[in-house]
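Asks: Structure below; questions to follow.
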Amino acid sequence: MRWQPAEVSAVHAETQSARTLTLRVEGWAGHLPGQHVDVRLTAADGYTATRSYSISSAPAEGELEITVDEVRGGEVSPYLVRDAAPGDAVEVRGPLGGWFVWSPDSIRPLQLVAGGSGIAPLMSMLRARAAAGSTAPARLLYSVRRPGAAIFAAELERLAAPGSGLEVTYAYTRAVPPGWPRPAGRVDARLLAEAAWPADRSPDVYVCGPTGFVETAADLLVAAGHSATDVRTERFGPTGSTS
Amino acid sequence: MALISRGFSGRPRSDEPDLPPGQYLTSDFPVLSAGPTPRVPLDTWAFTIVTEAGERHSWDWKAFRQLPAEDLTVDLHCVTRWSKLGTSWRGVSLDTLLEDVETAAEYAHVRSYGGYTTNLPLEDLLDGQAWIAFEYDGEDLAPEHGGPARLLVPHLYLWKSAKWVQGLILTPEDEPGFWETAGYHIYGDPWREQRYAGD
């Protein structure tokens, strides 16, 4: 698969640490919701650095969006989140990945579970679902540290309008909004039982987020009776354990 | 020469060790798995090699742990671009496990608890190149890293080092496994940057 030149055509701040970049790529044929793309940066002396980013936009020709959360001390994400500006050049290769993908043709219930910036590929699925007029009933359980850390909050509210067939539930791990019915805390079996499709509805399940979050959420889903083969996961970052 | 990303400078060049192309160094040990982490109880664990003639060689945990084991220090290269150098493992060499296995097969199809599969030429498992590892960094191998035991083939991208390994099926033909069917390279040599089908 070849590298293709891409132009940053727009940037949009999502939260204090996350930003969406629109990349224009000539001949880009679109992607499957959930896929990612390799992004390569080249310095003036020829040094290159490459990272993979999930595509957050709905499939479109000639264009894609990535939503990047800054990793402190990182090499590529600080540049994409702070420095890259419209008109700047990067290279992309993709779309990549044939497992963590959802088809808008699926009529099974859709269960999405996101931790932090793990919302990005799941947002592509929800945008594709809306664009395709899919009637697959969908639920999103979205874990964030505090209200201001939720990426795409306003758009998710619009997507989950009455009649949309989408329900969005937030889990706040550090600080909750005023009047929130639950104390701050991690996703647990009780919240999952309240907010997620039960196993007997046989949903397509996609879980994306930091490693520890995905480990916990996937274990809870299996314990709640979901078949391990129906639970597709994408993890990022360190294990959070030793080393 | 590739196009230049204005204002991008990257890490200090002198810090870069000798890594395969397109990789970056990490000191973490990231976890990449396609689904939930299987929990495999040791009392039902077994590692089984099935030859192309249908002959089975099987070890339960006790028999497996009585085989001679080796300490090894190897570099890991994940197709998602991180490399981790100098990792310490303990495991049983595939040379030991394949010692009494009579086969003319050229390929191994690797199967794992949880349903994961991968494939590689049998010769890549021989001559001190591959192990069934059960300790990492002096500790029992954690489930999220493939415990109780995983295949370790450090000269190929890490998706070939199947976690939660259950056995090998020796075959005359190369049969694509899980990621190989999902667009990844059939062989996966990091030094030739064989990430995706067609690389």
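Asks: Being without any contact (Cβ under 8 Å) to a residue 40 or more places away in the chain, over 30 Å from residue A:73 (Cβ atoms) and of a type in the set (A, V, I, L, M) narrows it down to one of A:168, A:144, so name that one.
Replies: Details: A:144 fails: over 30 Å from residue A:73 (Cβ atoms).
Only one candidate qualifies: A:168.
Asks: Return the residue satisfying two criteria in turn: it lies in the stretch A:40-62 and is touching a helix residue (DSSP H, G or I) at 6+ places or on another chain (Cβ under 7 Å) and among the aliphatic types (A, V, I, L, M), and of such residues it is nearest to the other protein chains (Cβ to nearest Cβ). Step through it out loud before you land on a result.
Replies: Looking only at the stretch A:40-62, we keep the residues that are touching a helix residue (DSSP H, G or I) at 6+ places or on another chain (Cβ under 7 Å), and these are A:41, A:47, A:54-59.
Next cut, among the aliphatic types (A, V, I, L, M) only: A:41, A:55, A:58.
Details: A:41: 4, A:55: 15, A:58: 21 Å.
So the residue we want is A:41.
Asks: Let me ask something else about it. Please tell me if residue B:36 is modelled with pLDDT under 95, surrounded by 15 or more Cβ atoms within 10 Å (Cβ to Cβ) and either within 30 Å of residue A:37 (Cβ to Cβ) or away from every other protein chain (no Cβ under 14 Å) (or both). Reasoning before the result, please.
Replies: On the way: modelled with pLDDT under 95: yes; surrounded by 15 or more Cβ atoms within 10 Å (Cβ to Cβ): yes; either within 30 Å of residue A:37 (Cβ to Cβ) or away from every other protein chain (no Cβ under 14 Å) (or both): yes.
When the stated conditions are applied, residue B:36 passes them.
Rundown of residues vs (1) among the aromatic types (Phe, Trp, Tyr); (2) outside any loop (DSSP other than H, G, I, E, B); (3) outside the structural domain of residue A:209 (by TED's automatic domain parsing), yes/no style:
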site: A:12; (1), (2), (3): no, yes, yes
site: A:33; (1), (2), (3): no, no, yes
site: A:37; (1), (2), (3): no, yes, yes
site: A:53; (1), (2), (3): yes, yes, yes
site: A:58; (1), (2), (3): no, no, yes
site: A:80; (1), (2), (3): no, yes, yes
site: A:85; (1), (2), (3): no, no, yes
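Asks: Output the residues belonging to the stretch A:12-28 that are within 20 Å of residue A:119 (Cα to Cα) and either surrounded by 16 or more Cβ atoms within 10 Å (Cβ to Cβ) or modelled with pLDDT under 95 (or both). Please lay out each step first, then the result.
Replies: The initial filter retains those residues of the stretch A:12-28 that are within 20 Å of residue A:119 (Cα to Cα), namely A:12-23.
A:14, A:15, A:16, A:17, A:18, A:19, A:20, A:21, A:22, A:23, listed by residue number.
Asks: Would you point out the residue of the stretch A:98-127, among those that are more than 18 Å from residue A:143 (Cβ to Cβ) and surrounded by 24 or more Cβ atoms within 10 Å (Cβ to Cβ), that is nearest to the other protein chains (Cβ to nearest Cβ)?
Replies: Looking at residues that are more than 18 Å from residue A:143 (Cβ to Cβ) and surrounded by 24 or more Cβ atoms within 10 Å (Cβ to Cβ), I get A:102.
Asks: Applying the selection to the stretch A:78-95, what residues are on the phi < 0 side of the Ramachandran plot, more than 7 Å from every other protein chain (Cβ to nearest Cβ) and either in contact with a Cys (Cβ under 6 Å, 6 or more places away or on another chain) or crowded, with 18+ Cβ neighbours inside 10 Å (or both)?
Replies: Once the filter is applied, which keeps residues that are on the phi < 0 side of the Ramachandran plot, more than 7 Å from every other protein chain (Cβ to nearest Cβ) and either in contact with a Cys (Cβ under 6 Å, 6 or more places away or on another chain) or crowded, with 18+ Cβ neighbours inside 10 Å (or both), the stretch A:78-95 yields A:80, A:81, A:84, A:92, A:93, A:95.
Asks: Against the conditions (1) assigned to a strand (DSSP E or B); (2) touching a Ser or Thr at 6+ places or on another chain (Cβ under 7 Å); (3) of a type in the set (Val, Ile, Thr), where does residue B:92 fall short? Just the number, please.
Replies: (2)
Asks: Something else now. Looking at the structure I just gave you, is residue A:127 of a type in the set (Lys, Arg) and at pLDDT below 95?
Replies: Numbers: of a type in the set (Lys, Arg): yes; at pLDDT below 95: no.
When the stated conditions are applied, residue A:127 does not pass them.
Asks: Return a yes/no flag: does the stretch A:202-212 have any residue that is in contact (Cβ under 8 Å) with a residue 24 or more places away in the chain, within 11 Å of chain B (Cβ to nearest Cβ), within 21 Å of the chain's Cα centre (by Cα) and assigned to a helix (DSSP H, G or I). Let's see the steps before the verdict.
Replies: We begin by selecting, within the stretch A:202-212, every residue in contact (Cβ under 8 Å) with a residue 24 or more places away in the chain; these are A:202-212.
Still in the running and within 11 Å of chain B (Cβ to nearest Cβ): A:205-207, A:210-212.
So of that shortlist, the ones also within 21 Å of the chain's Cα centre (by Cα) come out as A:205-207, A:210-212.
Within this subset, residues satisfying the condition of being assigned to a helix (DSSP H, G or I) are A:211-212.
Checked against the condition, which is being in contact (Cβ under 8 Å) with a residue 24 or more places away in the chain, within 11 Å of chain B (Cβ to nearest Cβ), within 21 Å of the chain's Cα centre (by Cα) and assigned to a helix (DSSP H, G or I), the stretch A:202-212 yields at least one hit.
The values are calculated or read from the model by the stated rules, or taken from the named source; none is laboratory data. What you are looking at is a predicted structure, and each value in this text was computed from that prediction instead of being measured. Here the Cβ is made from the backbone with ideal geometry for all residues, glycine too, and neighbour counts use every protein chain on show.
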